[in-house]
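Student: Starting off with a structure, shown below.
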Amino acid sequence: MSTWAAILAGGSGTRFWPLSTPERPKQLLPLTGDRPLLTQTVARLRELVPPERTLILTGPSLVESVAAIVPEIPKANVFAEPRAASTAPALAWAAHWIAKHDPGGQMLSLHADWAIGDDRAFRAAATHALDVAAEHDVLVTVGVKPTRNETGYGYIVPGKPLGRARKVGRFIEKPSPARAALLRRRGALWNTGLFAWSAARFLGEAGAYAEELAPGWPALTKGDAPRFFAAVTPVAVDVAVLERTNRLAVVTGAFSWDDIGSWDALLRIRRCDARGNVTVGNVTLGDDVKNCVIWAETEDVAVVGIEDMVVVRANGHALVMPTGHPDKLKALVQKL
């Protein structure tokens with residue numbers, strides 16, 4: 001039984017403005033180290049899924065950039081989504097392609113823009129999920145134990161045992177701080193978005209439950225991606241399939257995971273100096289600068305007398321904002 005990977009690598013580049021742009025969104029940036037996030041994602045998979053069975057789904061304007069930073073992936077495996085319609089249509093398209101070329105193929109689904117603390121543990125969890133999917137003919141999601149009372153993530157409440165996994169009791173999206181703390185105490189998991197299933201089983205569940213995809217299903221079965229994407233309603237796979245099917249299990253991964261949703265995340269992911277600062281580029285700090293993210297892409301940046309701030313100089317723009325307000329940045333970028 002062959003294993004394939006579908007890497008979701010779309011995105012418009014708003015969360016890390018001004019460093020990110022629509023032409024160079026988050027997954028193409030070296031946010032966690034010296035290499036772009038997508039490059040790290042492909043390398044992380046290499047011992048589990050060979051390049052020829054790795055698909056990358058991205059926007060039409062990003063195909064050339066994606067192919068350039070992961071040359072080991074055949075360019076034919078870089079799929080340009082005809083329309084940005086969230087994750088359910090993209091994964092249905094990928095699953096149909098895999099099922100057509102490898103009817104018994106299994107499939108991992110993951111995003112290109114995560115920070116993973118232990119690649120070996122990540123592969124172990126992915127392998128475990130694939131095994132459970134094959135053994136019980138179910139869809140499997142990988143959860144990790146929360147490390148903080150995060151209100152921006154989705155949580156999974158595990159249910160009854162299912163062999164070496166648990167059935168999913170329920171999903172809880174973006175809880176309040178108090179509820180997030182309660183969920184942690186009760187053993188809920190963060191929903192990482194790492195999924196495993198057979199391509200055929202996923203198509204069966206999507207066909208049965210994803211009503212948003214139904215108008216495009218005839219086009220998908222004919223391999224007509226443009227008509228399929230034109231006909232569907234944009235929807236996340238969690239909503240369209242996972243929250244509706246009764247064939248869903250969860251396994252727990254023993255790796256650290258972060259979806260790097262804002263500049264603040266770099267304070268968790270990158271190495272900080274003695275005063276809690278993350279700096280990239282030619283940055284000069286005063287002794288009284290604390291708990292800040294300072295990123296200088298090309299021009300020098302000097303700061304003094306600030307705490308809990310984000311300062312970015314990139315692409316001819318400057319950003320200065322307090323930490324803890326990613327939504328305000330999104331609104332600002334939309335205004336710009």
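The values are calculated or read from the model by the stated rules, or taken from the named source; none is laboratory data. If you're wondering where the values come from, they're calculated on a predicted model, not measured in any experiment. Positions of Cβ are generated from backbone atoms using ideal geometry, with glycine treated the same way; all protein chains shown enter the neighbour counts.
Student: Any chance region 289-300 includes a residue that's aliphatic (A, V, I, L, M), at pLDDT 95 or above and within 23 Å of the chain's Cα centre (by Cα)?
Tutor: yes
Student: Okay, next question. Between a residue in region 96-116 that is part of a helix (DSSP H, G or I) and any residue that is among the basic types (Lys, Arg) and modelled with pLDDT of 95 or more, which pairs come within a Cβ distance under 9 Å, given they are 6 or more apart or on different chains?
Tutor: Close Cβ pairs (under 9 Å, with a partner that is among the basic types (Lys, Arg) and modelled with pLDDT of 95 or more) amount to ILE98/ARG53.
Student: When the residues of region 252-281 are filtered to those that are surrounded by fewer than 19 Cβ atoms within 10 Å (Cβ to Cβ) and β-branched (Val, Ile, Thr), which remaining residue is farthest from VAL157 (Cα to Cα)?
Tutor: Result: VAL280.
One line per residue, one yes/no per condition, for (1) farther than 25 Å from ARG44 by Cα; (2) of a type in the set (Phe, Trp, Tyr):
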position: ASP119; (1), (2): no, no
position: VAL138; (1), (2): no, no
position: TYR153; (1), (2): no, yes
position: GLY159; (1), (2): yes, no
position: ARG166; (1), (2): yes, no
position: ALA178; (1), (2): yes, no
position: ARG184; (1), (2): yes, no
position: TRP190; (1), (2): no, yes
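Student: If the requirement is being more than 18 Å from the chain's Cα centre (by Cα), on the phi > 0 side of the Ramachandran plot and surrounded by fewer than 19 Cβ atoms within 10 Å (Cβ to Cβ), which of these qualifies: ASP137, ASP131?
Tutor: On inspection, the qualifying residue turns out to be ASP137.
Student: I'm trying to understand the selection: among the residues of region 143-172, which are without any contact (Cβ under 8 Å) to a residue 60 or more places away in the chain, assigned to a strand (DSSP E or B) and either touching an Asp or Glu at 6+ places or on another chain (Cβ under 7 Å) or loosely packed, with under 13 Cβ neighbours inside 10 Å (or both)?
Tutor: Matches in region 143-172: LYS160, PRO161, ARG170.
Student: Let me ask another. Just checking, does region 255-264 include any residue being in a helix (DSSP H, G or I) and either touching a strand residue (DSSP E or B) at 6+ places or on another chain (Cβ under 7 Å) or within 19 Å of ILE306 (Cα to Cα) (or both)?
Tutor: Yes, region 255-264 has at least one match.
For (1) surrounded by fewer than 18 Cβ atoms within 10 Å (Cβ to Cβ); (2) in a loop (DSSP other than H, G, I, E, B); (3) outside the structural domain of GLU81 (by TED's automatic domain parsing), each residue gets a yes or a no:
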residue: LEU194; (1), (2), (3): no, no, no
residue: GLY207; (1), (2), (3): yes, no, no
residue: GLU212; (1), (2), (3): no, yes, no
residue: PRO215; (1), (2), (3): yes, no, no
residue: PRO226; (1), (2), (3): yes, no, no
residue: VAL235; (1), (2), (3): no, yes, no
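Residue-by-condition table, conditions (1) under 14 Å from TRP114 (Cα atoms); (2) without any contact (Cβ under 8 Å) to a residue 60 or more places away in the chain; (3) assigned by TED's automatic domain parsing to the domain that holds ALA133; (4) under 18 Å from the mean Cα position of the chain (by Cα):
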position	(1), (2), (3), (4)
LEU8	yes, no, yes, yes
ARG15	yes, no, yes, yes
PRO18	no, no, yes, no
THR39	yes, yes, yes, yes
GLU47	no, no, yes, no
ARG53	no, yes, yes, no
GLY59	no, yes, yes, yes
SER65	no, yes, yes, no
